[in-house]
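*Asks:* Pasting a structure below so you can have a look.
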Amino acid sequence: MRRSEFLRAVEDEFGPRSVALMNDLVLGPVGNRTATDALDAGVAPRDIWQALCAETDVPPERRYGVGRLEPRRR
């Protein structure tokens, strides 16, 4: 998962709450950091996405694939 895919996934899943969650919610699995701090520290976006989903009780069926780029059309 790329950083851009992660940011799109957060926006798609959380909408208007996404900025507050990224900046305020401390996530234990990524070193007791916020998602923003974890990104800045070089933590893999997929690891942050999984921690964010677990902490906010996102159902498993929405944890994979959200924010992925659409395939290129040929």
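*Asks:* Looking at (1) β-branched (Val, Ile, Thr); (2) touching a Lys or Arg at 6+ places or on another chain (Cβ under 9 Å); (3) touching a residue at least 12 places away in the same chain (Cβ under 8 Å), find the lone condition where Val58 falls short.
*Replies:* So Val58 meets the others, but not (2).
*Asks:* Among Val26, Val43, Val30, which is the only one that is surrounded by fewer than 15 Cβ atoms within 10 Å (Cβ to Cβ) and modelled with pLDDT of 95 or more?
*Replies:* Val26
*Asks:* Okay, moving on. Hey, can you tell me all the residues within segment 38-59 that are over 13 Å from Arg3 (Cα atoms) and not polar (S, T, N, Q)?
*Replies:* Ala51, Leu52, Cys53, Ala54, Glu55, Asp57, Val58, Pro59
*Asks:* Just for helices (runs of 4 or more DSSP H) wholly inside segment 1-51: which have at least 1 residues that are more than 15 Å from Tyr64 (Cα to Cα) and over 12 Å from the mean Cα position of the chain (by Cα)?
*Replies:* Filter on segment 1-51 gives 18-24, 35-40.
*Asks:* Go through segment 11-38 and give me each residue that's among the polar types (S, T, N, Q) and in contact with a Ser or Thr (Cβ under 7 Å, 6 or more places away or on another chain).
*Replies:* Once the filter is applied, which keeps residues that are among the polar types (S, T, N, Q) and in contact with a Ser or Thr (Cβ under 7 Å, 6 or more places away or on another chain), segment 11-38 yields only Asn23.
*Asks:* Hey, any hits in segment 60-68 for a residue that's farther than 18 Å from Ser4 by Cβ, modelled with pLDDT of 90 or more and surrounded by 10 or more Cβ atoms within 10 Å (Cβ to Cβ)?
*Replies:* no
The values are calculated or read from the model by the stated rules, or taken from the named source; none is laboratory data. Since we're looking at a predicted model, the values are computed, not measured. FYI the Cβ positions are ideal-geometry reconstructions off the backbone, even for glycines, and counts take in every protein chain you see.
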